[in-house]
Amino acid sequence: MKNKIIQTVLIAIVIVLGYLIYDSIMTPVRFDAVKKEREAVVIKYLKGIRSAEFIYRQLNNRYTGSFDTLINFMGTAKIPVVKMIPDPKDTTYTRTINDTVGYVSVADSLFGKNPKFDYHKINIIPFSDDSIFKLQAGVISKGGVSVNVFQAEAPFTTYLYGLDKQLVINLIASQTQIKKYPGLKVGSMTEPSTDGNWE
């Protein structure tokens with residue numbers, strides 16, 4: 001009788017230990033899968049911010065560091081819709097005539113194909129507790145030339161909100177150790193670059 005009780009207890013301990021080992025292996029795997037899913041969404045937002053900044057700069061000769069200004073600009077500024085047709089006087093068909101056929105808002109131009117996307121909330125980091133992307137803009141000097149720059153960033157602590165805290169801390173430590181930004185960002189305030197750190 002005692003042997004059966006001991007065997008039952010040992011089997012239960014083995015099952016619990018097996019589960020704990022399996023869970024300790026799978027926790028980082030699950031974390032990494034969720035991290036990648038969330039990053040894909042955050043990257044779409046950062047690309048949208050970058051595109052809006054490009055158009056803002058084309059029309060204003062500078063970037064903006066204000067989401068209020070950028071969101072208002074996307075809703076009110078219009079860009080021309082241009083139709084290119086071959087020049088009938090050109091027999092080589094290499095020249096074109098640009099014909100403006102109308103105007104569309106910047107928001108519709110950038111996000112019109114995605115009706116579920118609300119550009120009014122482009123400043124809010126997905127999956128965060130309503131945290132806001134950090135947006136900066138300015139002018140730096142590179143080789144004696146003034147260059148307009150901008151940067152938008154989302155730290156790990158915002159879009160990985162609600163996930164295993166220790167794994168987030170480990171991730172931040174690993175990025176800091178290799179001197180990389182601990183999160184996702186696009187643009188730079190120190191270099192004339194508009195690349196994202198995921199590219």
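Since every read-out is calculated from the coordinates, none of them should be taken as a lab result. Keep in mind it's a predicted model, so treat the numbers as computed, not measured. Cβ placement follows ideal geometry from the backbone for every residue including glycine, while neighbour counts extend to all protein chains displayed.
Each residue of the range 152-165 is assigned a 3J(HN,Hα), and the resulting list reads 10, 9, 9, x, 3, 4, 8, 7, 9, 3, x, 8, 3, 4 Hz, derived from the Karplus form 6.51 cos²θ - 1.76 cosθ + 1.60 (θ = phi - 60°), x at Gly and Pro.
Going down the list 142/179; 78/134; 35/113, which pairs span over 24 Å between their C-alpha atoms? 78/134; 35/113, as the Cα separations exceed 24 Å there. Listed values for the range 116-122 are Karplus-derived 3J(HN,Hα) couplings in whole Hz (6.51 cos²θ - 1.76 cosθ + 1.60, θ = phi - 60°), namely 6, 7, 9, 5, 5, 10, 5, and x replaces Gly and Pro. Here the calculated FRET efficiency for residue 103 and residue 51, from their Cβ-Cβ distance with R0 = 25 Å, stands at 0.90, rounded to the nearest 0.05. Taking Cα centroids, how far is the range 118-132 from the range 142-199 in Å? What the calculation gives is 17 Å, centre to centre.
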